[in-house]
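The values are calculated or read from the model by the stated rules, or taken from the named source; none is laboratory data. All figures in this text were calculated on a predicted structure; none of them were measured in a lab. With ideal geometry, Cβ positions are generated from the backbone for all residues, glycine too; neighbour counts draw on all protein chains shown. Accessible surface is based on the protein model in full, side chains and every heavy atom, while ligands, DNA and RNA are left aside. Shrake-Rupley method; radii C 1.70, N 1.55, O 1.52, S 1.80 Å.
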Amino acid sequence: MNKPGKDIEKRERIVNRIARELRDGFYVNLGIGMPTLVANHVPPGMEVVLQSENGMLGIGPYPAEGEEDCDLINAGKETVSEMAGTSYFSSADSFAMIRGAHVDLSVLGAMEVDESGSLANWMIPGKMVKGMGGAMDLVAGARRVVVAMEHTTREGAPKILKKCTLPLTGVGVVDTIVTEMAYIRVTERGLVLEEVAPGLTAEDVQRATEARLVVSDGLRMMES
Amino acid sequence: MNKVVASADEAIRDVGDGSVIMLGGFGLCGIPENLIRALVRKGSKNLTTISNNAGVDGFGVGLLLSAGQLRRHIGTYVGENKLLESMVLTGKIQLDLVPQGTFSERIRAGGAGIPAFFTPTGVGTIVAEGKETREFDGRIYVMERALTADFAFVKAWKGDRMGNLVYRKTARNFNPIMATAAKVTIAEVEHLVEAGELDGDLVHTPSVYVKRIFQGEMFEKRIEKRTVRKSVVGP
């Protein structure tokens, strides 16, 4: 059983590492949950515009108490504020910009990812289906798709598999997988292990991964 | 030209059993809450609702669910609704889940006279099963059909008596596209103004799409997840 403190540490490492993928001028969509936390780690001086698929560019911080606006929410239905230069648009326009590859980066969670870059994150057969929301469109349309997830399940089972077992969200759509253990690129040669967390070896990461990892010649320590 | 009706009840007078109704809103943001309450009062049955979410237990589309008025729901995410969950599991309602971008484009197409389109979304997943696929420039796309309805219930911030509408912030969401995709579009607005009071350059939904308009009797505008600073996101 994981301690909550340990979970926060893992998440911090993951979102910190993903924040280093941001570039000045990027338009970015952050998924609900852990990916949202990337917003806290935008490097100072860098201008990144956050897209919300419910029809907004320029998500700001949560509002101050008393300034919540029921007409201003993010895709997780949380009250937010706006940045200077914010714009609003319909859901059709929002997904046209997503599908049309105008969003530079989509960060989202996954239950499973496999070595072909397919991912599953919306449905477990036999349990209630809540719906895929905008995830299928984001992975099909964003210029780059980064998966933010814990390396294994709570029981320690691998989540990076040879082949996903759950119903897919997208086929061959993931570019990069960032976990608390590793930074992995999806390539035509398979999953390339680029970085490992401090204190871990490539073998440690492979043991927690069902898919075969190709260790990069330039294997580095993961900065956090 | 005057499309103004006196109340939500009058606006939905001809919504019969078995109607297909689009309802704007994302979560509880920008939902036509007065029209929903009127529809509960009217008690029409065997309805099909087309709406991104299904409200929450006891508010929004959730009211129609608990009143047993729905036969089928088409949406993208229904995670906030326990009642819907039990109704799906016991076969009391048919639930069709659609990727949100496909959902919005199907509605847009429905209003724009486009019967079908090809999208990369969902290719190779269960949402593409049984559907026509085609390769364009080396990539596979799946064909999706347009969505239309008998009625669209939309909610705007301001509207004039001709039916021009202006939405506010993220309460816009699906409202403008749904306004284009139904035989009868009914708009409830927070502020009903005279023709000429809205700047024509800033109108989001042109009047041609709207058949009936009224100022909503009561806006609760419930917040689903109240998050404030001090919390995790933000500088």
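If you go through region A:206-224 and pick out every residue that is touching a residue at least 40 places away in the same chain (Cβ under 8 Å) and surrounded by 13 or more Cβ atoms within 10 Å (Cβ to Cβ), you end up with 6. Just one of the listed residues (B:35, B:63, B:47) is out of contact with any strand residue (DSSP E or B) (no Cβ under 6 Å at 6 or more places or on another chain) and modelled with pLDDT of 95 or more, and it is B:63.
Across region A:1-36, the number of residues qualifying as at positive phi and either open to solvent by less than 30 Å² (accessible area, probe 1.4 Å) or modelled with pLDDT of 95 or more (or both) comes to 1.
Within region B:22-40, residues that are within 11 Å of chain A (Cβ to nearest Cβ) reach partners that are among the β-branched types (Val, Ile, Thr) with beta carbons closer than 6 Å, at six or more positions or on different chains, in the pairs B:24/B:154; B:25/B:31; B:29/A:73; B:29/B:170. Scanning region A:69-82 for residues that are touching a residue at least 24 places away in the same chain (Cβ under 8 Å) and surrounded by fewer than 22 Cβ atoms within 10 Å (Cβ to Cβ) yields A:76, A:82. Among the residues of region B:100-115, are any farther than 28 Å from residue B:207 by Cβ and open to solvent by 10 Å² or more (accessible area, probe 1.4 Å)? There is no residue in region B:100-115 that is farther than 28 Å from residue B:207 by Cβ and open to solvent by 10 Å² or more (accessible area, probe 1.4 Å). Looking across region B:93-134 at every residue that is basic (Lys, Arg) and in contact (Cβ under 8 Å) with a residue 24 or more places away in the chain, the one that is nearest to the other protein chains (Cβ to nearest Cβ) is identified as B:108.
Tell me, which residue of region A:112-128 that is hydrophobic (A, V, I, L, M, F, W, C) and surrounded by fewer than 18 Cβ atoms within 10 Å (Cβ to Cβ) is modelled with the highest pLDDT? Per the stated criteria, the residue is A:124. Across region B:72-95, the number of residues qualifying as under 14 Å from residue B:47 (Cα atoms) and either part of a helix (DSSP H, G or I) or more than 20 Å from the chain's Cα centre (by Cα) (or both) comes to 1.
When the criteria are applied in full, residue B:84 meets the requirement of being surrounded by 23 or more Cβ atoms within 10 Å (Cβ to Cβ) and not polar (S, T, N, Q).
What is the one condition in (1) within 12 Å of another protein chain (Cβ to nearest Cβ); (2) without any contact (Cβ under 8 Å) to a residue 40 or more places away in the chain; (3) β-branched (Val, Ile, Thr); (4) buried (at least 20 other Cβ atoms within 10 Å of the Cβ) that residue B:61 does not satisfy? (1) is the only condition that residue B:61 fails. Within region A:3-62, being within 30 Å of residue B:177 (Cβ to Cβ) and of a type in the set (S, T, N, Q) holds for A:29, A:36, A:51, A:52, A:54. For region B:125-194, the strands (runs of 3 or more DSSP E) that sit wholly inside it and include 1 or more residues that are among the hydroxyl-bearing types (Ser, Thr, Tyr) and at pLDDT 95 or above are B:133-136, B:139-145, B:182-193.
Within region A:83-111, the set of residues being open to solvent by less than 30 Å² (accessible area, probe 1.4 Å) and within 16 Å of residue A:55 (Cα to Cα) comprises A:89, A:90, A:91, A:92, A:94, A:95, A:98, A:103, A:106. May I ask you to list the residues in region B:148-197 that are within 12 Å of the chain's Cα centre (by Cα), closer than 20 Å to residue A:77 by Cβ and open to solvent by 30 Å² or more (accessible area, probe 1.4 Å)? Result: B:172, single match.
Reported count of residues in region B:32-46, each being touching a Lys or Arg at 6+ places or on another chain (Cβ under 6 Å) and open to solvent by 10 Å² or more (accessible area, probe 1.4 Å), is 1.
Scanning region A:139-150 for residues that are within 11 Å of chain B (Cβ to nearest Cβ) and open to solvent by less than 10 Å² (accessible area, probe 1.4 Å) gives A:139, A:141.
Using the structure shown, decide if residue B:118 is closer than 12 Å to residue B:32 by Cα and among the hydrophobic types (A, V, I, L, M, F, W, C). So residue B:118 fails the test.
Is it the case that some residue within region A:161-183 is away from chain B (no Cβ under 14 Å), open to solvent by 10 Å² or more (accessible area, probe 1.4 Å) and hydroxyl-bearing (Ser, Thr, Tyr)? Give the derivation first.
Applying the first criterion (away from chain B (no Cβ under 14 Å)) to region A:161-183 yields A:161-162, A:175-183.
Remaining after also requiring open to solvent by 10 Å² or more (accessible area, probe 1.4 Å): A:161-162, A:175, A:180-181, A:183.
Keeping just the survivors that are hydroxyl-bearing (Ser, Thr, Tyr) gives A:183.
There is at least one residue in region A:161-183 that is away from chain B (no Cβ under 14 Å), open to solvent by 10 Å² or more (accessible area, probe 1.4 Å) and hydroxyl-bearing (Ser, Thr, Tyr).
When residues of region A:90-114 are filtered for being closer than 24 Å to residue B:179 by Cα, more than 7 Å from chain B (Cβ to nearest Cβ) and of a type in the set (A, V, I, L, M, F, W, C), how many remain? So the answer is 2.
In region A:190-205 there is no residue that is outside any strand (DSSP E or B), touching a helix residue (DSSP H, G or I) at 6+ places or on another chain (Cβ under 6 Å) and surrounded by fewer than 20 Cβ atoms within 10 Å (Cβ to Cβ).
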